[in-house]
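See below for the structure under consideration.
The values are calculated or read from the model by the stated rules, or taken from the named source; none is laboratory data. Keep in mind it's a predicted model, so treat the numbers as computed, not measured. With ideal geometry, Cβ positions are generated from the backbone for all residues, glycine too; neighbour counts draw on all protein chains shown.
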Amino acid sequence: MKQYINLNGDHSKTIEKLNELLSTYQVYYQNIRGFHWNIKGQNFFELHVKFEEYYTTAAANIDEVAERILTVGGVPLHSFSDYINTSSIEPIKDLNDGQKMMEIVWNMHNELLGLMRSTVEVADEQDDEGTQDLLAPMISDLEKTNWMVGAWLKK
């Protein structure tokens, strides 16, 4: 495992968690793209734009996670089959109802948040401050986003 920073010890657990996060984020991204493309109904204009915002943010975060995996000496997963097999989010298809989509978004965000937090815990155990620092603002941003989704859903 070649790393490009001066980390001591084995960081395979962090790499494994980051790859799980990467895979889950990739399935989330594709689900949100599908929602963006297929939304119908009264909330079309509002949600079409919102879903684009979500997948744009996800794309940037996906790139950061993949680059972190490389930085700590791992290889980011990069096939759809790896993503499906590793993701804790299931692919969604044939959906066009905005209310149902937003319920799924809320659940996917909660799944991503849990995975980010558990990745931070593993990084902490391995003295990997860089991974912790990478994920902390992602967590804060997603918490705020999901608070807003919850407000939209009247939760």
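On the stretch given as segment 32-62, residues that are in a helix (DSSP H, G or I), buried (at least 16 other Cβ atoms within 10 Å of the Cβ), touching a helix residue (DSSP H, G or I) at 6+ places or on another chain (Cβ under 7 Å) and not aromatic (Phe, Trp, Tyr) total 8.
For every residue, the table says whether it meets (1) modelled with pLDDT under 95; (2) within 19 Å of the chain's Cα centre (by Cα); (3) closer than 30 Å to Leu153 by Cα.
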residue	(1), (2), (3)
Asn19	no, yes, no
Thr24	no, yes, yes
His36	no, yes, yes
Ile39	no, no, yes
Phe51	no, yes, yes
Thr56	no, yes, yes
Ala60	no, yes, yes
Pro76	no, yes, no
Ser88	no, yes, yes
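For residues in segment 80-96 being touching a helix residue (DSSP H, G or I) at 6+ places or on another chain (Cβ under 9 Å) and of a type in the set (S, T, N, Q), which is nearest to Asp10 (Cα to Cα)? This residue is Thr86. If you check Glu20, Glu67 for being part of a helix (DSSP H, G or I), more than 16 Å from Gly130 (Cβ to Cβ) and charged (D, E, K, R), only one passes: Glu20. Restricting attention to segment 63-79, the residues that are of a type in the set (Val, Ile, Thr) and out of contact with any helix residue (DSSP H, G or I) (no Cβ under 9 Å at 6 or more places or on another chain) add up to 0. Just one of the numbered conditions (1) touching a strand residue (DSSP E or B) at 6+ places or on another chain (Cβ under 6 Å); (2) closer than 16 Å to Gln26 by Cα is not true of Asn96: (2).
Taking the conditions exactly as written (over 19 Å from Glu90 (Cα atoms) and at pLDDT 95 or above), does Ala66 satisfy them or not? Yes; evaluated as a whole, the condition is true for this residue.
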